[in-house]
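What follows draws every value from the coordinates through simple rules; no lab data is involved. Since this is a predicted model, take the numbers as computed values, not measurements. Note: ideal-geometry Cβ built from the backbone for every residue, glycine included; neighbour counts use all protein chains shown.
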Amino acid sequence: MDDVININVESYKGLLKRYIESQDETSLYGVEQVSKSFIQKNILPEEIVNVHMQAMEDIYPQLSEDYRRSLNFLLEAMISYGLAHQEFQMLREKQVELKSEIAVAANMQNTLLGSPIPEIEGIDIGIRSEPANDMNGDYHHFTKAADGRLELAIADVIGKGVPAALCMSMIKYSMESYPEEQKSPSNVLYNLNRVVEQNVDPGMFITMLYAQYCPSEEKVRYASAGHEPGYYYNAETETFVEMETKGLVLGVTPETKYKEFEQKMRAGDMIIFFTDGVTEAKEGDRFIETEELLDIMRNHIHLPAQEMVDQVYKYFERLQGFELRDDFTLAVLKKEV
């Protein structure tokens, strides 16, 4: 390294002397080449300052003491700068590595938790779930049971990122392990609550709504664990009614029981379920009222379910300047006419 620096000193000194004497800017092109060699040899900023000091002392042996002191001051400053710059570069490399890992985790989450919409007799289904960041703290899952029932789960982890994604994976595979005959909404939440309470950090809670639509009965049965209440749209009266929901969030106490509710659906009726990223959306400092959501839903009531949720999402996206404050999940079950 010393030999490299000595070679660079001679090159640098020659360019510096030529520029001082002639002020010919062509000398500056040579500096570019020297700078590249500094970078290639990983020469630190303080070493470059030292090269400059040596070159100046060779060119001007009678340098004033004040000038020498100023160069020493610059040298100390560059030592501090070099250390800070190295630390910054290390942090930047770690950030790039972390972003890459999160991107891989997000793709895995989409693969593991992906849930295609099943075809269910007499019901039109729409879903839109968008993460505010790379990892989605919301979860939704559709299943078509052997008897033709629709099973729908919507959950929201109080906490974000990779831990939330791991919780969602645990919930999905726990639900898939339950026998069909035990999959009533109240039983599903009761069993999931025990799993969450035993396996999830005490500071992390999960709200969840689990619903089933039975085509033969034209009814939706559901239970809630502290989740946002859904809304039932009565096509005959053209009104929305908040659906009754009670239940403690998952993971608080192991023996929590969950009450089951049901809602009859007639032709044109609709049920909407969502996470708090919908009802707690903000326009500037203003929170979006639930009535505003329902008005937007009403304005698009004539559309197929999927087109409806897509239009509602686009409205909220524009309202928030295309920057979601929280994960957004909205599901619509629309009884076909």
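Using only the alpha carbons of region 2-91, determine the length spanned along each of the three principal axes and report them from longest to shortest in whole angstroms.
Here the Cα extents, ordered largest to smallest, are 43, 30, 25 Å.
Would you compute, from DSSP H runs of 4+ residues alone, the mean residue ellipticity of the chain at 222 nm, taking -39500 (n - 2.57) per run and dividing by the full residue count, rounded to the nearest 500?
The helix-only estimate for the chain comes to -16000 deg cm²/dmol at 222 nm.
Within region 214-244, what residues put their amide N at less than 12 Å from the label point 7 Å along the Cα-to-Cβ vector of Val337?
235-236
Which Cα, out of Ser22, Ala84, His52, lies furthest along the positive dipole direction of region 2-91 (beta carbon charges, K/R +1, D/E -1)?
Checking the options against the dipole of region 2-91, the answer is Ser22.
Rounded to the nearest 0.05, what FRET efficiency do Thr253 and Leu98 give with R0 = 30 Å and r taken as the Cβ-Cβ distance? Could you check?
It comes to 0.25.
Any number yet on Rg/Rh for the chain, C-alpha, Kirkwood?
Rg/Rh for the chain comes to 1.30.
Would you kindly state how much longer the chain becomes between Glu289 and Ala145 on full extension, computed as 0.36 nm times their sequence separation minus their alpha carbon distance, in nm to one decimal?
Between Glu289 and Ala145, full extension yields an extra 48.3 nm.
For the modelled label position 7 Å from the Cα of Glu242 along Cα-to-Cβ, which residues of region 262-290 have backbone nitrogen atoms closer than 17 Å?
272-281, 287-290
Past 21 Å, Cα to Cα: identify those pairs from Lys264/Lys314; Lys264/Lys334; Lys246/Lys335; Lys183/Lys259; Lys219/Lys246; Lys144/Lys314, in the order given.
Lys264/Lys314; Lys246/Lys335; Lys144/Lys314
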